[in-house]
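Below is one structure, written out as structure tokens; the observations come after it.
The values are calculated or read from the model by the stated rules, or taken from the named source; none is laboratory data. Keep in mind that what you see is a predicted model, and the values were worked out from it rather than measured. Glycine also receives a Cβ, built like all others from the backbone with ideal geometry; neighbour counts cover every protein chain displayed. Ligands, DNA and RNA are excluded from the accessible area calculation, which covers all protein heavy atoms including side chains. Shrake-Rupley method; radii C 1.70, N 1.55, O 1.52, S 1.80 Å.
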Amino acid sequence: MDELAHVSTEDRSVQFIDAAVRVIAEHGVASATTRKIADAAEAPLAALHYCFRDKDGLFRAVFEHLAAEVTEQATAIEPAELDATAAEILRLSVRWATEHPDYALAQVDLYMWMVRQRPDLAAQANAIYLRAVADVLRRAAGPSAPAEAIEDLASVLAGATDGLVMQWASHRDQGRVEAYVEAFCAGIPAMCRRITG
């Protein structure tokens, strides 16, 4: 137990977030009790409650962590032409999800839980991701691009990513999901012409 005193609250919080991702991915949000999460983190339950006020606080931190992982991919894209940038966002998002299946499945399950139990958190989480994607698209489209059209494209890309990740989760066939991604990407230039003229 002496080792616990040497773990900072920040480091312990990260341990709990990582443990929560594993527990949610394996058992689902409904079965992700704070005790299971503390056990998975190999830490006392009291430490979890010290780091996070309640389960909602932990779940919000988990979702923010997952959203940051995904948005980091989007913000790292060097904007090119709008259609190429949009296609790269989709490719990177789906690739990230298939390379990090626990994170992807936990994110989907946690988001659906928030939609049902905490719609305010679901809206905030969605807005974080859409804002990051829209910012990248806006840089590619230029300042004269209509904001609403950019936000619509960001929403379409997010929806496509979610659907493609669910398809992949059902069959785990990487080649198949990559073919679906490319089929969707083939239609992106038409969507972008509406924005760029």
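Criterion applied to R35, R60 was being over 17 Å from the mean Cα position of the chain (by Cα) and either at pLDDT below 90 or farther than 26 Å from A97 by Cα (or both), and the one residue passing it is R35.
Scanning the range 166-183 for residues that are within 24 Å of A122 (Cα to Cα) and open to solvent by less than 10 Å² (accessible area, probe 1.4 Å) gives no hits.
For the range 12-32, a residue qualifies if it is among the charged types (D, E, K, R) and under 21 Å from H100 (Cβ atoms), and the qualifying residues are D18, R22, E26.
Selection of the range 142-158 for residues being under 12 Å from C192 (Cα atoms), surrounded by fewer than 15 Cβ atoms within 10 Å (Cβ to Cβ) and of a type in the set (G, A, S) yields an empty set. When Y180 is tested against (1) in contact with a helix residue (DSSP H, G or I) (Cβ under 6 Å, 6 or more places away or on another chain); (2) among the hydroxyl-bearing types (S, T, Y); (3) in contact (Cβ under 8 Å) with a residue 24 or more places away in the chain, just one condition goes unmet, and that condition is (3). Within the range 103-116, being surrounded by 13 or more Cβ atoms within 10 Å (Cβ to Cβ) and either out of contact with any Ser or Thr (no Cβ under 9 Å at 6 or more places or on another chain) or more than 27 Å from G28 (Cα to Cα) (or both) holds for Y103, L105, A106, Q107, V108, D109, L110, Y111, M112, W113, M114, V115.
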